[in-house]
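First the structure, in the form of structure tokens, and then the observations on it.
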Amino acid sequence: MKRLSLSAGFAALCLVAATPLHAQIATTLPQGEGREVIATACSQCHALNVIMAGRDGPVGWRRHVYNMVLRGAQLTPREADTVVQYLVTNFGPVAPAAPSVALPAGAGKELVETRCVVCHDLGRVTAVKREKRDWDVIVANMYDRWGQSAPDEVQTITAYLNAQLGQK
């Protein structure tokens, strides 16, 4: 009986091992064109939870994908475009979540609570006290990565973050 259990366990292990790793990983990704390419190309170097935890706009995902190609990801230009579209569709900016951190009152608070949480929680925004001059670059970069142009919003958010969270 013990030998039969060991044989059955070994057979099950062989079946799992015979399934390609990218097929096992792909089941965790949402359905869509590009899923198999990501499961194959991206999992060569890192776990897919890195991708699945990210949120970025079309400009940001394109930068990530092209950076990975420069580092050796084996993607054709057509596959890279497919991957970018898949990532934007499945891991792009989503509806804002409830703020995880209570922000101090001030002009621009509502914009921070609705725009910054599109890609990450407010804990990330408030965790590190930044130099006032750094907020200009950071906020402009976030809007650029999001693929949006809203200079008035950038200015309002930057002013709020400088006033509330900026170091002297």
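The values are calculated or read from the model by the stated rules, or taken from the named source; none is laboratory data. Everything numeric in this text was worked out from a predicted model, so none of it was measured. Backbone-built Cβ (ideal geometry, glycine too); neighbour counts: all protein chains shown. For the accessible areas, the whole protein counts, side chains as well, though only heavy atoms, and no ligand, DNA or RNA atoms are used. Shrake-Rupley method; radii C 1.70, N 1.55, O 1.52, S 1.80 Å.
Residue by residue through region 144-166, note down the ones that are in contact with a helix residue (DSSP H, G or I) (Cβ under 7 Å, 6 or more places away or on another chain) and under 21 Å from Gly106 (Cα atoms).
Ala150, Glu153, Val154, Thr156, Ile157, Thr158, Tyr160, Leu161, Asn162, Leu165, Gly166
Give all pairs with beta carbons closer than 8 Å in which a residue from region 63-82 that is of a type in the set (Asp, Glu) meets a residue that is open to solvent by less than 70 Å² (accessible area, probe 1.4 Å) and outside any loop (DSSP other than H, G, I, E, B); count only pairs at least 6 apart in sequence or on separate chains.
Partner pairs satisfying both residue conditions: Glu79/Val37; Glu79/Ala41.
Can you find a residue in region 127-137 that is part of a loop (DSSP other than H, G, I, E, B) and more than 30 Å from Thr40 (Cβ to Cβ)?
Yes; the residues of region 127-137 include at least one that is part of a loop (DSSP other than H, G, I, E, B) and more than 30 Å from Thr40 (Cβ to Cβ).
Identify the residue in region 46-59 that is open to solvent by 50 Å² or more (accessible area, probe 1.4 Å) and of a type outside the set (A, V, I, L, M) and, among all such residues, is nearest to Cys119 (Cα to Cα).
The extreme case among them is Arg55.
Taking region 145-157, which residues are under 24 Å from the mean Cα position of the chain (by Cα) and touching a residue at least 24 places away in the same chain (Cβ under 8 Å)?
Answer for region 145-157, where residues must be under 24 Å from the mean Cα position of the chain (by Cα) and touching a residue at least 24 places away in the same chain (Cβ under 8 Å): Arg145, Trp146, Gly147, Gln148, Glu153, Ile157.
Please verify whether region 81-103 includes one or more residues that are open to solvent by 60 Å² or more (accessible area, probe 1.4 Å), polar (S, T, N, Q) and at pLDDT 90 or above.
yes
For residues that are open to solvent by 30 Å² or more (accessible area, probe 1.4 Å) and either touching a residue at least 60 places away in the same chain (Cβ under 8 Å) or in a helix (DSSP H, G or I) (or both), tally how many sit in region 110-125.
Final tally of qualifying residues: 8.
Looking at Ala159, Ala140, can you tell me which residue is open to solvent by 40 Å² or more (accessible area, probe 1.4 Å), at pLDDT 85 or above and farther than 23 Å from Val84 by Cα?
Testing whether each residue is open to solvent by 40 Å² or more (accessible area, probe 1.4 Å), at pLDDT 85 or above and farther than 23 Å from Val84 by Cα leaves just Ala159.
Which condition breaks for Ala11 when tested against (1) within 30 Å of Glu113 (Cα to Cα); (2) modelled with pLDDT under 85?
Every listed condition holds for Ala11 apart from (1).
Take region 131-146 and flag every residue that is out of contact with any strand residue (DSSP E or B) (no Cβ under 6 Å at 6 or more places or on another chain) and charged (D, E, K, R).
Those that are out of contact with any strand residue (DSSP E or B) (no Cβ under 6 Å at 6 or more places or on another chain) and charged (D, E, K, R): Arg133, Asp134, Asp136, Asp144, Arg145.
Looking at (1) modelled with pLDDT of 80 or more; (2) assigned to a helix (DSSP H, G or I); (3) more than 24 Å from Cys119 (Cα to Cα); (4) among the aliphatic types (A, V, I, L, M), find the lone condition where Leu4 falls short.
(1)
Would you confirm whether or not region 60-77 contains a residue that is within 23 Å of Arg115 (Cα to Cα), open to solvent by less than 70 Å² (accessible area, probe 1.4 Å) and either aromatic (Phe, Trp, Tyr) or out of contact with any strand residue (DSSP E or B) (no Cβ under 8 Å at 6 or more places or on another chain) (or both)?
Within region 60-77, one or more residues are within 23 Å of Arg115 (Cα to Cα), open to solvent by less than 70 Å² (accessible area, probe 1.4 Å) and either aromatic (Phe, Trp, Tyr) or out of contact with any strand residue (DSSP E or B) (no Cβ under 8 Å at 6 or more places or on another chain) (or both).
If a residue has to be assigned to a helix (DSSP H, G or I) and open to solvent by 40 Å² or more (accessible area, probe 1.4 Å) to count, how many in region 143-156 make the cut?
8
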